[in-house]
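Below: one structure, written as structure tokens.
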Amino acid sequence: MKIIRSLESIQNEFQNGSSLTLGNFDGIHVGHQTLLLRTVEKAKDLGLPSVVVTYFPNPSVVLGKKPNFKYLSSETEKEELIRGFGIDYLVVLDFTLELSKMSAEDFLEKIMIQTLNAKHIVIGYNHFFGAERRGDFTLLDANKTKYGYAVELKEAVLKKESKISSSLIRGFLEKGEMEEAKILLGRNYHITGVVFEGAKRGRTIGFPTANIKVPEDKLLPSIGVYACFAKFDGRDHKGMVNIGHNPTFDGIGLHVEVNVFDFDGNLYGKDVELEIVSKIRDEKKFSGLEELKNQLTNDKEESIRILNFN
């Protein structure tokens with residue numbers, strides 16, 4: 001998959017046309033997957049490259065609607081997820097105030113037609129483009145004869161009578177309901193970060209932890225202890241992760257600390273990817289180290305039980 005971050009860099013890739021879809025694609029949930037699969041399917045039918053058009057930063061950040069917006073997927077995670085669907089080109093538009101003021105008609109003509117030469121467009125029911133969010137399926141359908149493309153609308157994908165959306169997934173994550181989030185994402189939720197040196201208290205009670213520095217704009221599940229898989233050096237390891245404030249100790253700051261089972265190496269400076277499977281319990285303050293150690297022993301047993309079935 002070729003990633004394009006500047007429209008000016010596009011040469012002759014789309015002289016014969018393209019099959020494209022567009023959207024924010026934050027998290028690549030089950031609803032997004034139908035768009036991606038259909039775009040690839042039409043590209044193969046038409047003998048054209050498949051193209052995904054997305055934006056960064058999220059428009060709500062640039063427009064000041066959600067200045068503290070948290071992403072379900074980092075840009076790297078999003079790229080890898082989209083790559084997995086066999087997409088040929090990922091076009092990442094730099095979302096600026098200037099772009100936000102471009103009319104839907106100009107966006108269609110200058111970007112989708114003149115630059116990407118769209119011959120088939122797949123759009124989701126809840127995606128809008130152009131100033132004042134005027135661009136939608138109705139506008140695309142009204143202009144298809146003028147520009148010579150076909151367009152199709154993908155309706156919402158339903159799970160348990162609810163429309164799958166990034167906001168619905170966020171709600172489950174913020175409540176620690178990882179199994180519900182997994183159903184909508186089609187996979188377990190992932191967190192990736194770099195290991196840095198911490199207080200090293202865990203090793204004194206037999207539960208050494210790796211402190212993960214997670215990007216500030218990444219959405220974390222609710223505070224608590226979770227069963228997880230930790231991936232580093234190309235291997236998956238069972239473990240448990242605490243997302244919280246360490247109330248038994250200083251209770252200051254938000255920490256992401258993973259205890260990797262059956263591993264006793266040095267992870268400092270390494271990228272670690274956490275696959276969060278299930279919440280075990282809320283975070284709590286213990287009366288002392290012995291009570292904490294007993295609870296962690298129980299947490300580990302519960303985590304292993306859960307992970308053995310995933």
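The values are calculated or read from the model by the stated rules, or taken from the named source; none is laboratory data. All values reported here derive from a predicted model rather than from experimental measurement. Here Cβ is always computed from backbone atoms with ideal geometry, including for glycine, and neighbour counts include all displayed protein chains. Ligands, DNA and RNA are excluded from the accessible area calculation, which covers all protein heavy atoms including side chains. Shrake-Rupley method; radii C 1.70, N 1.55, O 1.52, S 1.80 Å.
For the stretch 5-19, state whether one or more residues are at positive phi and either open to solvent by 40 Å² or more (accessible area, probe 1.4 Å) or out of contact with any Asp or Glu (no Cβ under 6 Å at 6 or more places or on another chain) (or both). Within the stretch 5-19, one or more residues are at positive phi and either open to solvent by 40 Å² or more (accessible area, probe 1.4 Å) or out of contact with any Asp or Glu (no Cβ under 6 Å at 6 or more places or on another chain) (or both). Total residues in the stretch 123-166 satisfying the condition of being in contact with a Ser or Thr (Cβ under 9 Å, 6 or more places away or on another chain), among the small types (Gly, Ala, Ser) and open to solvent by 50 Å² or more (accessible area, probe 1.4 Å): the figure is 0.
Looking at Glu216, Glu180, just one residue is in a helix (DSSP H, G or I) and open to solvent by 50 Å² or more (accessible area, probe 1.4 Å), and that residue is Glu180. Picking from residues in the stretch 57-112 that are of a type in the set (Phe, Trp, Tyr) and in contact with a helix residue (DSSP H, G or I) (Cβ under 6 Å, 6 or more places away or on another chain), the one that is modelled with the lowest pLDDT is Phe69. Considering the stretch 73-106, the residues that are in contact with a Leu (Cβ under 6 Å, 6 or more places away or on another chain) and closer than 18 Å to Ser166 by Cβ include one that is most open to solvent (accessible area, probe 1.4 Å), namely Phe85.
Here Leu46 qualifies as touching a strand residue (DSSP E or B) at 6+ places or on another chain (Cβ under 7 Å), touching a residue at least 60 places away in the same chain (Cβ under 8 Å) and open to solvent by 70 Å² or more (accessible area, probe 1.4 Å). When we screen Asp299, Asp233 for residues that are open to solvent by less than 50 Å² (accessible area, probe 1.4 Å) and not basic (Lys, Arg), the only hit is Asp299.
What number of residues in the stretch 90-117 are outside any helix (DSSP H, G or I), in contact (Cβ under 8 Å) with a residue 60 or more places away in the chain and within 26 Å of the chain's Cα centre (by Cα)? Qualifying residue count, the stretch 90-117: 6. Taking the stretch 270-310 as the range and being in contact (Cβ under 8 Å) with a residue 40 or more places away in the chain and among the hydrophobic types (A, V, I, L, M, F, W, C) as the test, the residues that pass are Val272, Leu274, Ile276, Val277, Ile280, Leu289, Leu292, Leu296, Ile304, Ile306, Leu307.
Residue by residue through the stretch 21-58, note down the ones that are under 21 Å from Ile169 (Cα atoms), assigned to a strand (DSSP E or B) and aliphatic (A, V, I, L, M). Residue satisfying the conditions is Leu22 alone.
Might you let me know whether the stretch 138-152 holds any residue that is touching a residue at least 60 places away in the same chain (Cβ under 8 Å), closer than 28 Å to Leu46 by Cβ, touching a helix residue (DSSP H, G or I) at 6+ places or on another chain (Cβ under 7 Å) and in a helix (DSSP H, G or I)? Among the residues of the stretch 138-152, not one is touching a residue at least 60 places away in the same chain (Cβ under 8 Å), closer than 28 Å to Leu46 by Cβ, touching a helix residue (DSSP H, G or I) at 6+ places or on another chain (Cβ under 7 Å) and in a helix (DSSP H, G or I), which makes the answer no.
Screening the stretch 43-89 for residues that are farther than 17 Å from Met1 by Cα and basic (Lys, Arg) and picking the one that is farthest from the chain's Cα centre (by Cα) gives Lys65. Of all residues in the stretch 24-41, those being surrounded by fewer than 21 Cβ atoms within 10 Å (Cβ to Cβ) and more than 15 Å from Arg83 (Cα to Cα) number 2.
Okay, residues lined up against (1) surrounded by 15 or more Cβ atoms within 10 Å (Cβ to Cβ); (2) at pLDDT below 95; (3) of a type in the set (A, V, I, L, M, F, W, C); (4) part of a strand (DSSP E or B):
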{"site": "Val241", "(1), (2), (3), (4)": "yes, no, yes, yes"}
{"site": "Thr248", "(1), (2), (3), (4)": "yes, yes, no, no"}
{"site": "Gly251", "(1), (2), (3), (4)": "no, yes, no, no"}
{"site": "Asp262", "(1), (2), (3), (4)": "no, yes, no, no"}
{"site": "Leu267", "(1), (2), (3), (4)": "yes, yes, yes, no"}
{"site": "Leu274", "(1), (2), (3), (4)": "yes, no, yes, yes"}
{"site": "Lys284", "(1), (2), (3), (4)": "no, yes, no, no"}
{"site": "Leu292", "(1), (2), (3), (4)": "yes, yes, yes, no"}
{"site": "Gln295", "(1), (2), (3), (4)": "yes, yes, no, no"}
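Screening Phe85 with (1) under 28 Å from Arg170 (Cα atoms); (2) outside any loop (DSSP other than H, G, I, E, B); (3) not polar (S, T, N, Q) gives one miss only, at (2).
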